[in-house]
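What follows is calculated from the coordinates using simple rules that are stated; it is not laboratory data. Quick caveat, the model's predicted, so the values are computed rather than measured. Glycine also receives a Cβ, built like all others from the backbone with ideal geometry; neighbour counts cover every protein chain displayed.
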Amino acid sequence: MPIIRVNTGLSRQLLEQDRHGEAIYPEKSATVNVCVVNELILPAGKLAFNVVAKIAKAHLSSPKDAEAVAIGWLKKELPERLAKANHWNFFGLTWIEPEGPPMISDASLHHPDEQATELTAHLLPLAEGAIAHIQNLRESFEAAKSKLGEFASTNTALGFTVTAGEARSLLRTIEGILDASADMGGYEASRARAAAADYAELARRKNEVNHLYQNSLHALRTFVYRVDFPSTWCRRP
């Protein structure tokens, strides 16, 4: 039976947008919007996804209570919604709002809540397909990262020149995946573009003791060492 784990990552508050795409700041918003990371566990694998709970300020003693209320409500609400849903956007931010005062369970801000759930005949293959898609993405990401790590560790200046075209393709693969990430504090796509600029600098320069060459080499190696595959998504990669 599928398992749903609620609150598996660091929750955070998000700004809502008006119909013009402008941010609605907290003092002008009627709700506090809490993004909660969750995980669906199937025989095919694990699928992490984000849900944003819109909690009305009128139902809060204090805005500081919003995260605990949102998590407590989702512990009860999310398994029920998944059991009835024929579709779910696992590659995005799903916004849901209580119809009235949220009925909450005891909630911990630091520990996930785990329970068995059912998935509809329509939703189960969608979730399994999402898991397979993520696995393919992960394999592409890790292969690109491994090859870049090899280049960064062993290349001379001439080696960077010879491999510049392949490296651009590898970094575009990583950039595209990072661009769809919703991980808070994760590496952003701009970091991959910066790494591409560092690689181009290494390919252009021939003096390996030059400080600009060394700076670019250090930055590239740091990127390859630290960049990680995302766990949740703001759109389908």
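The table for this structure:
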{"item": "Local net charge near E22, Cβ-Cβ under 14 Å (Lys/Arg +1, Asp/Glu -1)", "result": "0"}
{"item": "Integer Hz, Karplus 6.51/-1.76/1.60 couplings in order for the stretch 115-126, x for Gly and Pro", "result": "7, 6, 8, 10, 10, 5, 5, 7, 6, 4, x, 5"}
{"item": "For the stretch 1-103: relative contact order, % (alpha-carbon pairs under 8 angstrom, 6 or more apart)", "result": "27 percent"}
{"item": "Aspartates and glutamates whose Cα lies under 20 Å from that of K206, excluding same-chain neighbours fewer than 8 positions away", "result": "E150, E166, D198"}
{"item": "Calculated FRET efficiency for the pair A83/M184, C-beta based, R₀ 30 Å, to 0.05", "result": "0.60"}
{"item": "Cα-based Rg / Dmax (Å) for the chain", "result": "21.6, 67"}
{"item": "Under the Karplus curve 6.51 cos²θ - 1.76 cosθ + 1.60, θ = phi - 60°, whole-Hz ³J(HN,Hα) for the stretch 174-179, x wherever Gly or Pro sits", "result": "5, 4, x, 6, 5, 5"}
{"item": "GluC sites (Glu not before Pro) restricted to the stretch 118-164 and DSSP loop, no more than 16 other C-beta within 10 Å", "result": "E118"}
{"item": "Computed over the chain: relative contact order in percent, which uses C-alpha pairs under 8 Å that are six or more apart", "result": "20 percent"}
{"item": "Karplus 3J(HN,Hα) series, Hz, for the stretch 15-24 with 6.51 cos²θ - 1.76 cosθ + 1.60 (x for Gly, Pro)", "result": "8, 8, 10, 7, 5, 9, x, 8, 5, 9"}
{"item": "Low-density loop cleavage sites - GluC sites (Glu not before Pro) in the stretch 1-97, where at most 15 other Cβ are within 10 Å (DSSP)", "result": "E22"}
{"item": "Rg ratio (alpha-carbon, reference 2.2 N^0.38 Å) - the stretch 25-99", "result": "1.18"}
{"item": "Inter-label distance, nm, simple model (7 Å from Cα along the C-beta direction), R138/R12", "result": "2.2 nm"}
{"item": "Surrounding net charge for N215, when Lys and Arg each add one and Asp and Glu each subtract one, Cβ distance under 15 Å", "result": "0"}
